[in-house]
Amino acid sequence: LAKEMDITPEKVLEIQQYAREPISLDQTIGDEGDSQLGDFIEDSEAVVAVDAVSFTLLQDQLQSVLETLSE
């Protein structure tokens, strides 16, 4: 594995050790310490702002059209 990755066997063992130990998503990272690990994990269920705004505008337009219809 080390040969294929072009790293030392010791580095492979170090990386494997990181994979075994649970870490907190609140753990600070970077030189400044102003970022957290969880900041870099995508929330696949989060609503994209553009989609939310588009949906709201579509609802408003649909409501306007419906108000022009007679019963």
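Hey, any hits in segment 14-25 for a residue that's touching a strand residue (DSSP E or B) at 6+ places or on another chain (Cβ under 8 Å) and not β-branched (Val, Ile, Thr)? Yes; the residues of segment 14-25 include at least one that is touching a strand residue (DSSP E or B) at 6+ places or on another chain (Cβ under 8 Å) and not β-branched (Val, Ile, Thr).
In segment 2-22, how many residues are over 21 Å from the mean Cα position of the chain (by Cα), exposed (fewer than 10 other Cβ atoms within 10 Å of the Cβ) and part of a loop (DSSP other than H, G, I, E, B)? Number satisfying all stated conditions: 2. The condition (being free of Cβ contacts under 8 Å to residues at least 24 places away in the same chain, part of a loop (DSSP other than H, G, I, E, B) and surrounded by 10 or more Cβ atoms within 10 Å (Cβ to Cβ)) is satisfied by just one residue among LEU25, LEU62, LEU58: LEU25.
Evaluation of GLN27 against the conditions (1) more than 28 Å from ALA2 (Cβ to Cβ); (2) modelled with pLDDT of 85 or more shows that the sole unmet condition is (1). Within segment 40-55, can you find the residues that are assigned to a helix (DSSP H, G or I) and within 26 Å of THR28 (Cα to Cα)? Passing the criteria: only PHE40.
The values are calculated or read from the model by the stated rules, or taken from the named source; none is laboratory data. Small disclaimer: the values here were computed from a predicted structure and weren't measured. Glycine gets a Cβ as well: all are built from the backbone with ideal geometry, and neighbour counts include every protein chain shown.
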